[in-house]
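Quick notes on the structure that follows.
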Amino acid sequence: MMNDKDINEYHELMNKLKKEKTYKPLPESVTIKSSPIHGLGLFAIETIPKNIDLGMIHFVLENLYDNREREIIRTPVGGFVNHSENPNCERVEVKSYRWNLKTIKEVKKGEELTLKYTIYKVDNVD
């Protein structure tokens, strides 16, 4: 759950982005195109070094009236990264409500960015 400090930090960042008009749904180093893995994927348009943070892939929204209800929102970066058993990226928890995509090895120009998906058990589903 986000505390007041986190909420204030989020609003300050959003205000800064609005003023600077810097929000972009994808990092400048990637593009979306047809993937041999599945559907569409993220591809490097330039070589991306190891340990580069490519931005947010998921964040959690909590119901203000019932903090037991959570919804995970996927960003454009998170929506197009495909699975691989030999990935070149990993999911990094930035805060308890936000995850980013980070390269774990150099990604060559033209190479697809991939992530090893984790399957979670969902409780209380009829």
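Every number in this text was worked out from the coordinates using simple rules, so none of it is lab data. What you see is a predicted model, and the numbers here were worked out from it, not measured in a lab. Methodologically, a virtual Cβ is constructed for each residue, glycine included, from the backbone with ideal geometry; neighbour enumeration extends over all protein chains shown.
A few points about this structure:
- For segment 25-115, size of Cβ-based charge dipole, Lys and Arg +1, Asp and Glu -1, in debye: 120
- Here the residues Ser29, Ser34, Ser84, ranked from fewest to most Cβ neighbours within 10 Å of their Cβ, fall in the order Ser34, Ser84, Ser29.
- Linear extension gain, Glu85 paired with Glu46, 0.36 nm per residue minus alpha-carbon span: 11.7 nm
- Once the Cα gyration tensor of segment 25-115 is diagonalised, semi-axes √(5λ) in Å: 26, 14, 11
- Projecting the Cα atoms of Ile104, Leu42, Pro76 onto the charge dipole of segment 25-115, computed from C-beta unit charges around the Cα centre, puts Ile104 farthest toward the positive end.
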